[in-house]
Structure formats: C-alpha cells, structure tokens
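Each remark here refers to the structure printed beneath this line.
The values are calculated or read from the model by the stated rules, or taken from the named source; none is laboratory data. All values reported here derive from a predicted model rather than from experimental measurement. Positions of Cβ are backbone-derived with ideal geometry, glycine not excepted, and every protein chain shown enters the neighbour counts. Protein only, heavy atoms only, side chains kept; ligands, DNA and RNA dropped before computing areas. Shrake-Rupley method; radii C 1.70, N 1.55, O 1.52, S 1.80 Å.
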Amino acid sequence: MYNKLMGCLASVRAKTDFKPEVAVILGSGLGEFANEIEIVDTISYNEIEGFPVSTVKGHAGRFVFGYVENTPVVIMQGRVHYYEGYPMADVVLPTRLMGLMGAKKLLLTNAAGGCNPNFKPGDLMIIADHITTGVPSPLIGANIEELGTRFPDMSEVYSNRIQTVIEDCAKKCGIEMQKGVYVQFTGPNYETPSEVRLAQKWGGDAVGMSTAVEAMAANHMGMEIGGISCITNMAAGISKVQLNHKEVQETADMVADNFKKLVAKVIVNM
Ligand code: HPA
C-alpha cells in the first residue's frame, strides 16, 4: 500500500508541485465550493495511476488545488466510498495522499442523517467524535510504518482546537451550529429505524456512509482534523417519509450558501 501511495504521489507530482497546507473533502451535494476558490490546478482521479475512481452521481471526482485567501488548499471534489466496493485501504488512499502532498490539516465534510431528535434538516453539525463500529478499520492489515504507529490513539480525532475554530467562524457568519457524534455505517442502503435507535443508544447524533474512516487514517498519520456534517434529513424512523438521495441533494443545495461561507472561513482560520 505504501508503494501504491508513492506511485500516486509521483503521478500527482508529475502534474503539479503545489504544496497544500489544508486538505478538504467535500461531501454529497457540497462539491460546488471547490469551483469558487482561486484554482491553480486540477487533477481528475482517473489521471492518477492506481487511484480508486468514484462512481456516485454528483461526485465529480477530482483534486482541486488552489488558494482560499492566502491558504493553499487541496480539495477532493468527490470522495471514495466503501459501498462502491473498494477495500477500506483504497477508500482512505486519497486522504493519505493529501497528507503526503504536505497537508498537515484536514477538513472533512459530509451529508448525514440526523438521529438526535433536536436536529432538523438543514442544520450543520460540528463533528466532535465518531463511532466506526459498523465498518472495518482502514488500519487493518500490515501497518504502514512510514505513516504512523500500529496502535494509534483515537482520544481526540477531531481536534478540540479546530472545533473551537469552527464554532467561532460560525458565530462570525451568523450560522447556528449543532455539535455531535457521527456514526459511520457501510451504506449504500440507508439505515433501518432499529439501526438508527442503536446509533442513538451508542451516543450518536448523526449517521452516514463516509468520513470517520478517513479521519482514522488521517489521525494515524498525524494530521489535525476538523469535521462538519450537513444534516440533510432526519434518519430513518425519525423521519416520517422514506429517504432518498434526491432529498439529500436538495437539502444540501438549500444550505450550500451558508456551508460555503463557513468552510471558506474555517479553512483560512484553521
Ligand atoms: N443515512 C446515511 N447516510 C446519509 C443519510 C442518512 O440518513 N443522509 C445523508 N447521508
């Protein structure tokens, strides 16, 4: 896997020597942000040798390199999901690659279902912690010693410092935030009402199909992480209506302006 990563890095370096400080992953329906930064370069995932290519509609599938004010960023416009059929090590390959490009900080975003009954569709949630009991660890297999230790500590995956930065930025933008625990399931199916009740009993506030494994891989290699969930719908059983991807995209569109404002401010201040 380390050799594969090095091959991908060489592919990227053949096209650009851009050195990002901050890496960003944009979730379902939130990808538009990348079109509005000062773009220096882009690389489609399918230009990178050995790179897993996303198949989900609405996930563009490219790295965007550029500046948000003076901060050099690399943005994943479209991520790789476990439910697409890739081994978990491939799912987190892009995250690791952005770390190897030089990004020391990572901002993760996603669309998620709210399982905290105090949430409502359209809320933005600071990810305070996560639960990945429903998915295999991306760190299973031979440890990549070049990246990190065999048994990494996970007591502060989402940096307290960045959580405070997100809170402060939201206040300055006049955006109310929720804060909570993100529970990752495999997808691609949405959860059953019983699974949502399980997530609640575990202490979860939102459920989704991504993000937490990326955070684990980034934490393993020493990146400092922040996370924001866009609550696009109430999770199954709380929601009175059946869930569908269209609703997720429509809510993400609805909050896009606030989301973009917040993400830009967080990038500059994290
Ligand atoms: N469950 C899982 N993933 C999701 C949801 C959900 O309710 N909404 C958006 N992504």
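Observations on the model:
- Amide H contacts for Ala112 (H built 1.01 Å from N in the peptide plane; partners 5 or more residues away or on another chain; cut-off under 5 Å): Cys230, Ile231, Thr232, Asn233.
- Derived scalar couplings between HN and Hα for the stretch 227-236 equal x, 10, 9, 9, 6, 8, 6, 7, 5, 3 Hz in order, rounded to whole Hz, by the Karplus curve 6.51 cos²θ - 1.76 cosθ + 1.60 (θ = phi - 60°), x for Gly and Pro.
- Amide H contacts of Ile225 (H built 1.01 Å from N, under 5 Å, at least 5 apart or other chain): Leu106, Ser159
- For the stretch 15-153, the solvent-accessible area of protein heavy atoms averages 40 Å² per residue (probe radius 1.4 Å; ligands and nucleic acids excluded).
- Taking amide H atoms as placed 1.01 Å from N in the peptide plane, the amide H of Val68 lies under 5 Å from those of Val73, each 5 or more residues away in sequence or on another chain.
- Per-residue ellipticity at 222 nm from helix content only, as computed over the chain with -39500 (n - 2.57) for each DSSP H run of at least four residues, stands at -9000 deg cm²/dmol.
- Per-peptide average of other Cβ atoms within 10 Å, ordering 228-238, 209-219, 27-37, 8-18 highest first: 209-219, 228-238, 27-37, 8-18
- Spatial separation of Cα centroids for the stretch 172-238 and the stretch 1-35, in angstrom: 23
- Fraction of accessible area attributable to carbon and sulfur, the chain (%, probe 1.4 Å): 49
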